[in-house]
1. Based on DSSP H runs of at least 4 residues, each adding -39500 (n - 2.57), what is the mean residue ellipticity at 222 nm of the chain after dividing by all its residues, to the nearest 500 deg cm²/dmol?
2. Within 10 Å, at most 12 other Cβ atoms, and a DSSP state outside H, G, I, E, B define an exposed site. Report the longest part of the chain free of exposed GluC sites (Glu not before Pro).
3. As I understand it, the dipole of the chain uses +1 on the Cβ of Lys and Arg and -1 on the Cβ of Asp and Glu, about the Cα centre. Which of ILE225, THR23, GLY270 lies farthest toward its positive end?
4. Given the options GLY331, ILE261, PRO240, identify the residue whose Cα lies farthest towards the positive end of the charge dipole of region 239-334 (+1 on Cβ of Lys, Arg; -1 on Cβ of Asp, Glu).
5. Name the residue, out of LEU142, LEU194, LEU110, whose mean-square fluctuation peaks in a Gaussian network model built on the chain with Cα pairs under 10 Å.
6. Cut-off 10 angstrom, C-alpha nodes, Gaussian network model of the chain. Which of ASP147, ASP216, ASP118 fluctuates the most?
7. Top mean-square fluctuation among PRO18, PRO208, PRO197, Gaussian network model of the chain, C-alpha springs under 10 Å?
8. In region 261-334, which chymotrypsin sites (Phe, Trp or Tyr not before Pro) are in a loop and have at most 16 other Cβ atoms within 10 Å, using DSSP for the loop call?
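What follows draws every value from the coordinates through simple rules; no lab data is involved. Source: prediction; values computed, not measured. Note: ideal-geometry Cβ built from the backbone for every residue, glycine included; neighbour counts use all protein chains shown.
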Amino acid sequence: MKEFSANITKSILTGIQPSGVITLGNYIGAIKQMVRMQDEFKSYIFIADMHAITVPQDPTTLHENIRSLVALYIACGIDPDKNIIFIQSENEYHANISWLLECNTPFGELSRMTQFKDKSSKNANFYAGLFTYPILMAADILAYDVDYVPVGIDQKQHVELTRNIAIKFNKKYGDTFKIPDVYITKEGTKIMDLVNPLKKMSKSSENPKGVIRILDDINSIRKKIMGATTDSECIVRFDPEAKPGISNLINICVALTGKSISDIETMFEGKNYGEFKRFVADTVIEEISAIQARYQKIINSQELDKLLEENATITRAIAQKKFMLMKEKMGLYK
Ligand code: ATP
Ligand code: LTN
């Protein structure tokens, strides 16, 4: 059975929605950071599939994306021996805890969540789960008594709600939850869309030419990079305002090679954009093909099933204990 190293004392938990195949932007901006954190914290990383269904999903695609995301994380360097990687819906106690928390969350406070206001204003036919989503997130977090919750700034309000729910619950029923702190993941380099470099590269983008997905075929990755929007200056120079396309390609190189911006500028002094793009494509392809090779070994392996089963058992036991404690505190039948 997996155990965290004894000299690591602080814990983190974070969830990722399986809303599509991850992009080069997700890899550079989020996953590489998680890989760096895994030596410092006990890390619970889960696939938030129950959060994903708060908006309509195609069941077949969703099903594939869940397992694929687990395999991709491991292929990208998230070490299953250092992290507990699990699937949210495999642990029914998240939903059970969520219900008990729903009955302890003021409606007014939940109504202030800006993500709900944004998402519900875009489509009038939304479901109740979109509204109660932050309480499920509170359940995910509070079940594990973690110290920190690493999230992007857009999720900060949900973690603050989690803290408020936990503080009030502890006051009302006695000590039940550890109060977690939000850990705002420092904005890694933001990778931009290759066709429109003024827009973030995003999983849900409509134009596939601007987005590199980690599972894209290698030839199409090369084509996308060779076709990336640039400018007419023909000098490889970092200037995000005047030259967003070239600066984005420089950022990709910096993130993947560890070279500095000026190293890259010097390397391509007097050379044309074609040569620079070939270098970018080679660099990206080298990194992505290594990930894809590892992914292919993992995706259909029985070890992956075993890992997910084992981690479901571990996390179920932890969350069940918290659920039983909550039931007892709230006076439910035990
Ligand atoms: P969606 O299109 O579904 O909104 P997304 O690709 O924008 O998805 P998120 O799921 O919102 O990505 O974010 C997952 C993580 O990846 C976050 O930590 C976020 O900061 C990071 N991330 C997303 N896009 C980029 C990007 N283009 N550059 C750097 N980091 C990114
Ligand atoms: N809502 C988050 C995903 C998420 C999460 C969590 C993050 C679900 N439960 C618990 C941290 C902790 C998102 O959409 N990125």
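1. -16000 deg cm²/dmol
2. Here the longest run is 41-186.
3. Farthest towards the positive pole: THR23.
4. The listed residue farthest towards the positive side: GLY331.
5. Result: LEU110 has the largest fluctuation of those listed.
6. Highest fluctuation among the options: ASP118.
7. Sorting by GNM fluctuation, first place goes to PRO208.
8. TYR333
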